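Participant: Would you mind keeping the following structure in view while I ask a few things?
The values are calculated or read from the model by the stated rules, or taken from the named source; none is laboratory data. All of these numbers come straight from a predicted model, not from anything done at the bench. Cβ placement follows ideal geometry from the backbone for every residue including glycine, while neighbour counts extend to all protein chains displayed.
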Amino acid sequence: MQIESVGVKIRFKYAETLRKTLLSHDVIDTSLDFIRDENHLIIPITLSKNDARQLLLSSSSIEGFELNIFNFPQKDVQPKNLYEAASIYIPENLHEFIPKAYDVIGEIAVVEIAEEVMDYKKKIGEALYSLFPSLKTVYRKASAVSGQLRTRGLDLIAGEKKCETIHLEHGVTIFVDACETYFSPRLSYEHKRVADLVKEDEIIIDLFTGVGPFPLHIAQNHNATTYAIDINQKAIKCLERSLVLNKLKGHINPLHGDCRELASSLPKADRIIMNLPSYSQDYIDVVCQILKPGGIIHFYQFVATEDGKDHVVSILKQELAKFGWEIKEIIDFHKVRESAPREIHACLEAIIALQST
Ligand SMILES: C[S@@+](CC[C@H](N)C(=O)[O-])C[C@H]1O[C@@H](n2cnc3c(N)ncnc32)[C@H](O)[C@@H]1O
């Protein structure tokens, strides 16, 4: 479809300078396509001819422009990705820095923005907003995940300041506070994968449950009991909110506190989940206290890509030996996701028990 609109016609030689000037004043009509003839580019704008003339005459570097009404083709395709949505706002030499990845957690998006395009952070936020009409909020990652609670700083770049949201993950409804708790939609497959391994009537202990995605997936399909522990009270409050949002087959006991301090009050488990990859090796004493001999652990670690399985197995063996336990059988080792350049977030699944004499 063609739309009549004010446009600026200019020889190609001056077109990039004109585009940058119009961009910096936020007056390009992004719903319309540019027009080209043999020698000229014609850019659709949102200003009247008079306002545009005043703006362009004040810029000495723009020469020989013509202001007129032109018929512009309307953009009929929605941008397919963040690159397409954001590139219209960002100079071409910076396009390589447009973020390729982002997380959508319910109505909240979280994106990492490189220093090179930080001046365009609001535009990137708006571009994400335009891609997902259901979004209410876009945050920029303002720091890495850190500290015992595994949370990060967030900087609002579009929409309203909102932290609480409801996220859907393979049919499970998860209440998340994106500002004060850890939650990564990149683990959705892993949450479901572990849940699918659970057998009826198992007792599971999730030592570092966060907002409880593993227990919620487990309880959705299995008549099992999960003790879901987290030291972050807000995370446990989120899990409690999720309990009433889902129709669960199994049972979940949300427990706020340090898993080591709670260990003596827990029953013996058939399976223990340890998704605290930087520190899980420091909690093997807790596992040996509460896992039934012959039980299964899901032991998560960050590991250099080249070290892989052997390295994770040797850490686990070494820690178990301190408490007289050993690996009886390795069930599986796999990459959960890339966590950094040449580093993976990995899961080792093993049957462990007291050392045989
Ligand atoms: C990686 S995050 C949560 C992972 C969660 N299982 C998931 O898949 O989304 C690890 C969690 O461990 C909690 N945590 C850290 N140390 C803890 C401890 N000693 N006892 C209980 N929870 C702890 C943090 O508060 C954080 O929510």
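Participant: Only one of (1) over 22 Å from PHE323 (Cα atoms); (2) surrounded by 15 or more Cβ atoms within 10 Å (Cβ to Cβ) fails for LEU266. Which number is that?
Facilitator: (1)
Participant: Could you grab the pairs with beta carbons closer than 7 Å, sequence gap of 6+ or different chains, first residue in the range 23-38 and charged (D, E, K, R), second one surrounded by 11 or more Cβ atoms within 10 Å (Cβ to Cβ)?
Facilitator: Within 7 Å, the pairs are ASP29/SER5; ASP29/PRO44; ASP29/ILE45; ASP29/THR46; ASP33/PHE72; ASP33/PRO73; ASP33/LYS75.
Quick grid of which residues meet (1) crowded, with 17+ Cβ neighbours inside 10 Å; (2) on the phi > 0 side of the Ramachandran plot; (3) in the same structural domain as ASP26 (by TED's automatic domain parsing); (4) in contact with a His (Cβ under 9 Å, 6 or more places away or on another chain):
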{"site": "ILE90", "(1), (2), (3), (4)": "yes, no, no, no"}
{"site": "ILE108", "(1), (2), (3), (4)": "yes, no, no, yes"}
{"site": "LYS123", "(1), (2), (3), (4)": "yes, no, no, no"}
{"site": "LEU131", "(1), (2), (3), (4)": "yes, no, no, no"}
{"site": "SER134", "(1), (2), (3), (4)": "no, no, no, no"}
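Participant: For the range 58-81, which positions are of a type outside the set (S, T, N, Q), at pLDDT below 90 and more than 19 Å from GLU16 (Cβ to Cβ)? Write out each step before concluding.
Facilitator: Going residue by residue through the range 58-81, those that are of a type outside the set (S, T, N, Q) are 62-67, 69-70, 72-73, 75-77, 79-80.
With the extra rule that they be at pLDDT below 90, the set shrinks to 62-64, 75-77, 79-80.
Residues satisfying the conditions are LYS75, ASP76, VAL77, PRO79, LYS80.
Participant: Of all strands (runs of 3 or more DSSP E) completely enclosed by the range 69-141, which ones contain at least 3 residues that are within 14 Å of ASP155 (Cβ to Cβ)?
Facilitator: Numbers: elements: 102-105, 108-111, 137-141.
By residue number, 108-111, 137-141.
Participant: I've got another one for you. Checking the condition surrounded by 19 or more Cβ atoms within 10 Å (Cβ to Cβ), within 12 Å of the ligand (Cβ to nearest atom) and not assigned by TED's automatic domain parsing to the domain that holds GLU349, which residue from VAL145, VAL176 passes?
Facilitator: Only one candidate passes the filter, namely VAL176.
Participant: Against the condition more than 10 Å from the ligand (Cβ to nearest atom), assigned by TED's automatic domain parsing to the domain that holds LEU187 and surrounded by fewer than 18 Cβ atoms within 10 Å (Cβ to Cβ), how does ASP201 come out, does it pass?
Facilitator: Answer is yes for this residue.
Participant: I need the helices (runs of 4 or more DSSP H) fully contained in the range 224-325, keeping only those with at least 1 residues that are within 16 Å of the ligand (Cβ to nearest atom) and touching a Ser or Thr at 6+ places or on another chain (Cβ under 6 Å).
Facilitator: In the range 224-325, 233-243 are the helices (runs of 4 or more DSSP H) which contain 1 or more residues that are within 16 Å of the ligand (Cβ to nearest atom) and touching a Ser or Thr at 6+ places or on another chain (Cβ under 6 Å).
Participant: Next question. Residue check: is HIS217 closer than 16 Å to HIS298 by Cα, within 11 Å of the ligand (Cβ to nearest atom) and without any contact (Cβ under 8 Å) to a residue 40 or more places away in the chain?
Facilitator: No.
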